[in-house]
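Working notes for the structure below.
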Protein chains: 2
Amino acid sequence: MKRNWRKLSLIICLTVLSLTLLVSIHADEGMWLFNNPPRKQLKEKYRFEVTNEWLEHVQKSSVRFNSGGSGSFVSRDGLVMSNHHVGADCLQKLSDEQHDYYRDGFHTRALDEEKRCHDLELNVLMSIEDVSERVNAAVKPDMSPEQAFLARRAATAEIEKESVDKTGLRSDVVTLYQGGQYHLYRFKKHTDVRLVFAPEQQIAFYGGDPDNFEYPRYDLDICFFRVYENGKPAKIEHYLKWSKAGAGDAELIFVPGHPGWTSRLFTMAELEYTRDVRLPYALSRLRDLEVTLAAYSSRSDENARKAKEDLFSVQNARKAYDGELAGLLDPSLMAQKKSDEQALRSKIIARDDFKDALGAWDQITQAQKLIGENARLYNLIEAGQGFNSELFQVARTLLRAAEEKPKPNRERLREFGEAGLESLEFQLFSEEPIYEDFEQVKLANSLTWLVTQLGSTNELVQRVLAGKSPRERASELVSGTKVNDVALRKKLYKGGASAVEAAMDPMIDLARLIDAAARAVRKIIETQNEAKQQAHAQISRARFAIEGTSGYPDATFTLRLAYGAVKGYDEDGKQIPFQTTFAGLYERAGEHHNKPPFDLPPSWIERKRRLDLNTPFNFVSTADIIGGNSGSPVINLNAELVGIIFDGNIHSLVLDFLFTEEKARAVSVHSQGIVEALRKVYDARDLADELTGKRPGT
Amino acid sequence: MKRNWRKLSLIICLTVLSLTLLVSIHADEGMWLFNNPPRKQLKEKYRFEVTNEWLEHVQKSSVRFNSGGSGSFVSRDGLVMSNHHVGADCLQKLSDEQHDYYRDGFHTRALDEEKRCHDLELNVLMSIEDVSERVNAAVKPDMSPEQAFLARRAATAEIEKESVDKTGLRSDVVTLYQGGQYHLYRFKKHTDVRLVFAPEQQIAFYGGDPDNFEYPRYDLDICFFRVYENGKPAKIEHYLKWSKAGAGDAELIFVPGHPGWTSRLFTMAELEYTRDVRLPYALSRLRDLEVTLAAYSSRSDENARKAKEDLFSVQNARKAYDGELAGLLDPSLMAQKKSDEQALRSKIIARDDFKDALGAWDQITQAQKLIGENARLYNLIEAGQGFNSELFQVARTLLRAAEEKPKPNRERLREFGEAGLESLEFQLFSEEPIYEDFEQVKLANSLTWLVTQLGSTNELVQRVLAGKSPRERASELVSGTKVNDVALRKKLYKGGASAVEAAMDPMIDLARLIDAAARAVRKIIETQNEAKQQAHAQISRARFAIEGTSGYPDATFTLRLAYGAVKGYDEDGKQIPFQTTFAGLYERAGEHHNKPPFDLPPSWIERKRRLDLNTPFNFVSTADIIGGNSGSPVINLNAELVGIIFDGNIHSLVLDFLFTEEKARAVSVHSQGIVEALRKVYDARDLADELTGKRPGT
């Protein structure tokens, strides 16, 4: 259920950037800000009083994986727990023809054998500061959306730069409540992150695509890393203690984590666009990739290894989008959204002070229309769907860095702002392996996609293909480029525009060829998103004034707190229990004659006798989560770790659009199951001792 | 490489009905008519004189599989050989939860254990009669394309009906040379067809999707049936004798068979439409189906069994179309087609007597444009893409039969003409198993496709969905309909319109709901195809007069004769030998650690020691073949069987558009490999003896 932001942004249309809005509340709903927690709800429903100390401890124990996902500190010695499928990006990149850590797992008892990830950056949120006034002051009422966007970007870049200079911390200005608020998030950044333990993918993702987003489940979707400072395990003040009992039925639990995006306050125009255009298009792109990756994988074990994480990500996104589309094609969901919208409009009409907000819906419809007209081109040439190649991304980053860095900070494309350069360089100079044959397959596939989407007579397409077929062109680009060499990347990055031009690299030349068109369409999309944001902010202000509730903004891959109860549910008259056990895992494998994707790894077959089969394995809760929450710790009242989120059930896929707790559930690995497996299947006694506090700090 | 016509017509847009044209000749090119064989070419290049006796014998030894594919008689006792993947339709339908003949194979030595296929009809071409004059006389010069289409359909229906009444043979008027000629093909029809032998799918389709359309290959893609008459094996006069030596290097060979369709004389406008619209759209539909079928299959062995043949067909078509699209995206191919077209136009301009043909290109462009505007709707509601369900097809056939049968024969939709009713009823009353869960998955998927293609606000879509989501609607339709009951089908078919209406069946009601719109869009497509045909006929007449060559028409799933040489080829500087051996099979399995799709069936592992590993297994030749030729016998000068076609290599996928023998090759199983496998792996001594003439007739 991961949303791998970097990769997906290459794959899927993020034309509708995540909209942050004020949402009204029902039941255990909410992805709450840490500086605006649901104190009232928790007190009323669960008689729990949230203290500031509790919040700070949980906040600083939470970890964001910039490769896409969440995690938490689980020992004083820098141990971090997340999902196997969140760690997959690092596992894939550390693997080679002889070592398939992603498939086969990894385990070491010796600190000096822990393996450093090539380009994994972890962020820990240290402080939140409201900078709304300064950001809003930059935007004058008479500005056009385009001017407003540039002014806001400039103000944001300055605030971030000042903060970095002052604190040395990674500093991101985050848009919340749709421009109603802008918060400055300061993160402690960890870039020396080492792999400690991973199980086999076959048990981490037991049941494969058929069981993904389903429940009951039997997955050990965990992975452990350790953050280092100055070559030694970092000393961590805030980390989560382990709960021996783990999650119990009906227990109140909390989920601190980083939900990716939600669309709960989309207007009907935006929902209809999502249903009629965005999701069908995204699905057709994903299926094209899935078929291509599956065909490539089936040719040999080594191909399968190279493509494994891409294929997982694509299948995962495809199944999630299928579920989202099915939700939007359900007339009852759309009827409810429509009735909610009409109710709000009626209330606004009934008042005098927010009448201008009524026009905001039309503005959104209009902006959405313009976005719709440009989204395909944007996805193809700016978001990278037409050039699905790591080498192309590197080439473009080199090209643009040379253009952007000489500009004043406030005028740069957002990703080249001073405050973020360190993180950008960390990615750009990654030593991750890039495979030429795989690059050719992906590039030929995406060039074919480009030409079928824009038409082969399109002038830009013709220049891109340069009189060759997509296959020929991909082959010549991949074999001709030199940017696979990290030393050369550093040289060109440092050398700037003249060095980049002198390189005469065909992949950089391709990036240059499309750059004017790519920047132009990006400007349109960014401007229209600004127009939508301003309109949404108007609606939100009216809603806030009328409904008077304190709410949470739509998800934005920033730290949030969700809560809920451990709880089963009813499905077609059948009661689905809140938890599964190891016994259930072996039964399921038996029913399927231990055949893929229901086969057990050899370790689990050999060690079955050692295990207490009654140990809880997975469980469900009502916590309000979504993609990006993968790897979030599940904690109890005492902030002890009782489990780890790794999925939502099939009913949870509509949570993008509205919250429901009738059948929608978050799915977690149980803390008891983790320790039992570590000790009995993997002989990982040291790790289990470190988690449960039985091992003294190093 | 099969083209399963019935199924594909449900799956893929056949908006451009196969165009039959006069093609000019190079090298071993040609899919020749049996009444216009390449006598001259064979004599000049191979010094072989084709006799009428040879032709008649080969023609009557050839068998058409109406489920899609080719075959031949190989014994006097009605034994028919084809590909495993052509027999797959029957194998799939004969299987159940306890017996998976498609996956595991089938073999019996006892006649009374041969298993009758539910709805397999085989056709043997008995005679060809030129009826052009009568068909053309029906079309008057001043008729509109719509009138012309109806007049031609009426004439055709009458000729077919008369022929059936007179001869009792299945009688089809076939359009050739695009209305330049119409031939009446009379077939002996076999509907009591029994399964005799099939190997495991894993050896028939060894290497799976990765090796499909590739070479070198190692596939035993064979299947044996026996036709019965009056409960006894039919006595067959014309059958192919077995060649002990089989195909040898550089040997002249012939391939009688049923190529499905080619597009070699498409105008540039048609080729561009194929490249820019038809293939991209068809591929996106196929990938949607492939992902859905793969996901369904992976849930359980039983699901995999139910979906196996559908999944194979879809993957096969997807890979073929991928190759065709890659061909059309190759500028050198398009440049050649363009230069050919311009050369012909120049020659026409240089003469006085065919000037009017120049306008034909514009007429085709115009008709193609109208087809393009209506193709999507046609594919969705008439060709069945929006309703991918066996039960829907049954329901619609019942509905339309009740409407069409009371009409005069000449006014009916083509498939309800008197001459074809027996075959239609044979299909309609098939006892093939239809699985409700699988139907629901396919119907929900295709309804979702319908709504995303036409938009959820489309009025017809809203009526189809009746206020429900696609999943809900599919579920209610499949569980509500009664047409799975063959006895009920017979009752409704016999009872006519009043019985069909009184049935109040929800699936029939759905068919009725869309029928007016479906018939309307079908009329547009048929009319524009008629317009294209008339224009193509003009061009063909000019070409024929100018180039003065005797040629062959584009493929139309009618019996054709191809010829060529057994011959390897050069690939990236590497010489690919003309044949493979059993030894190569075991090497390939070893390289892939015997893992799917490169695993060997247990029988082949156990019996390896018995086999002569030097036996030829597969071989390639330059014969001009395409989808539909699967199962065609490969014969030598003496009309002895030296092999059986089962695939083309990746370079052959452009043969749809132009012939090339540089690298394009037809791939066959070698006759020696067949007999060796039958005797040593399967202990099928009786069958091998029957093939090789060692067993006396029964």
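Pairs of alpha-carbon atoms within less than 8 angstrom and 6+ residues apart define the contacts here; what relative contact order does chain B have, in percent? It comes to 27 percent, rounded to a whole number. Simple point charges give the picture: +1 on the Cβ of Lys and Arg, -1 on the Cβ of Asp and Glu, and for the stretch B:287-439 a dipole about the Cα centre of about 680 debye. Between copies, A:LYS338 shows label-point distances of 4.9 nm, shortest first, with the point placed 7 angstrom from Cα along Cα to C-beta. Separation of the stretch A:584-604 and the stretch B:139-181 by C-alpha centroid, Å? Measuring centre to centre over Cα atoms gives 60 Å. Here the protein assembly as shown has 50 percent of its accessible surface on carbon and sulfur atoms, given a 1.4 Å probe and all protein chains in place. Between the listed residues A:THR191, A:ALA138, A:PHE106, the Cα displaced farthest toward the positive end of the dipole of the stretch A:71-202, a dipole computed from Cβ unit charges relative to the Cα centre, is found at A:ALA138.
Which of rounded, prolate or oblate describes the stretch B:572-698 when judged by the alpha-carbon gyration tensor and an a/c cut-off of 1.5? Taking the square roots of the gyration eigenvalues as a ≥ b ≥ c, the stretch B:572-698 is oblate. Using a Förster distance of 30 Å, how high is the FRET efficiency between B:LYS241 and B:ASP301, based on the Cβ-Cβ distance and rounded to 0.05? The formula returns an efficiency of 0.10 here.
Lysine pairs in the stretch B:553-698 whose alpha-carbon atoms fall under 19 angstrom of each other, counting only those eight or more residues apart or on distinct chains, come to 5.
Solvent-accessible area per residue in the protein assembly as shown equals 36 Å², computed with a 1.4 angstrom probe and all protein chains kept. Remark: label point of A:ASN614 defined 7 Å out from Cα along the Cα-Cβ vector; separations to the same position in other copies 6.9 nm, ascending.
Lys/Arg Cβ at +1, Asp/Glu Cβ at -1, dipole of chain B taken about the Cα centre: which of B:LEU428, B:THR448, B:LEU460 is farthest positive-ward? Value: B:LEU428.
Applying the Karplus relation 6.51 cos²θ - 1.76 cosθ + 1.60 with θ = phi - 60° to the stretch B:419-429 yields 3J(HN,Hα) values of 4, x, 4, 4, 5, 4, 5, 4, 6, 4, 9 Hz, where x marks Gly and Pro.
The label point for B:GLU133 and the one for B:ALA110, both projected 7 Å from the Cα toward the Cβ, are 5.8 nm apart. Remark: the stretch B:451-590 carries a charge dipole of roughly 460 debye about the Cα centre, counting +1 on each Lys and Arg Cβ and -1 on each Asp and Glu Cβ. Counting Cβ atoms of other protein chains within 10 Å of each residue's Cβ and taking the mean over peptide A:329-336 gives 4. Per-residue shielding of A:449-455, expressed as the average number of other chain Cβ atoms within 10 Å of the residue Cβ, stands at 3. What FRET efficiency do you get for B:LYS595 and A:THR191 if R0 is 45 Å and r is their Cβ-Cβ distance, rounded to the nearest 0.05? Here the calculated transfer efficiency is 0.75. Restricting the trypsin sites (Lys or Arg not before Pro) of the stretch A:229-316 to loop positions (DSSP other than H, G, I, E, B) with no more than 16 neighbouring Cβ atoms within 10 Å leaves A:LYS235, A:LYS244.
Here the simple spin-label model places points 7 Å from the Cα toward Cβ, and for B:GLU415 and B:ALA583 these points are separated by 5.1 nm.
In straight Cα distance, which lysines are under 17 Å from A:LYS60, not counting same-chain residues fewer than 8 positions off? By straight Cα distance, A:LYS60 reaches A:LYS188, A:LYS189, A:LYS235, A:LYS241. Taken residue by residue and averaged, Cβ atoms of other chains lying within 10 Å of the Cβ of B:291-304 number 4.
Looking at the stretch B:609-698, the GluC sites (Glu not before Pro) that sit in a DSSP loop and have at most 10 other Cβ atoms within 10 Å of their own Cβ are B:GLU662. The stretch between B:LYS482 and B:ALA497 holds 3.7 nm of extra length on full extension. This uses 0.36 nm per residue minus the Cα-Cα distance.
Over its Cα atoms, what ratio of radius of gyration to 2.2 N^0.38 Å does the stretch B:482-586 give? Against the compact-globule rule of thumb, the ratio is 2.04. Cross-link partners of B:LYS442 among aspartates and glutamates, defined as those whose alpha carbon lies under 12 angstrom from its own and excluding same-chain residues fewer than eight positions apart: B:ASP288, B:GLU290, B:ASP310, B:GLU390.
Restriction of the trypsin sites (Lys or Arg not before Pro) in the stretch A:613-698 to DSSP coil positions whose beta-carbon has at most 11 other beta-carbons within 10 angstrom yields A:LYS694. Straight Cα distances below 29 angstrom link B:LYS369 to the lysines A:LYS369, A:LYS468, B:LYS7, B:LYS140, B:LYS319, B:LYS337, B:LYS338, B:LYS347, B:LYS355, B:LYS523, B:LYS532, with same-chain residues fewer than 8 positions distant left out. When +1 charges are put on Lys and Arg Cβ atoms and -1 charges on Asp and Glu Cβ atoms, the dipole computed for chain B relative to its Cα centre reaches about 680 debye. Chains A and B together bury roughly 2900 Å² of accessible surface, counting both sides and using a 1.4 Å probe on protein heavy atoms. Does the protein assembly as shown come out rounded, prolate or oblate by the C-alpha gyration tensor, with a ≥ b ≥ c the root eigenvalues, rounded set by a/c under 1.5 and, if not, prolate when a/b is larger than b/c and oblate if not? Prolate, since a/c reaches 1.5 and a/b exceeds b/c.
Which one of B:VAL654, B:PRO470, B:ALA157 has its Cα pushed farthest toward the positive end of the charge dipole of chain B, where Lys and Arg give +1 and Asp and Glu give -1 at the Cβ? So the residue furthest toward the plus end is B:ALA157.
Beta-bridge orientation, the protein assembly as shown: approximately 95 percent antiparallel, per DSSP, counting only bridges with both partners inside. For B:GLU571 and A:ASP570, the FRET efficiency from 1/(1 + (r/R0)^6), where r spans their Cβ atoms and R0 equals 51 Å, is about 0.25. Dividing the summed -39500 (n - 2.57) terms of all DSSP H runs of n ≥ 4 by the residue count of the protein assembly as shown sets its mean residue ellipticity at 222 nm at -14500 deg cm²/dmol.
Multiplying the residue separation of B:ASN638 and B:ALA343 by 0.36 nm and removing their Cα-Cα distance gives an extension gain of 102.2 nm.
The values are calculated or read from the model by the stated rules, or taken from the named source; none is laboratory data. Because the structure is predicted, anything quoted here is derived from the model rather than measured. Cβ coordinates were reconstructed from backbone atoms using ideal geometry, including for glycine residues, and neighbour counts include every protein chain displayed. Quick note on the areas: whole protein, heavy atoms, side chains included, nothing else; ligands and nucleic acids left out. Shrake-Rupley method; radii C 1.70, N 1.55, O 1.52, S 1.80 Å.
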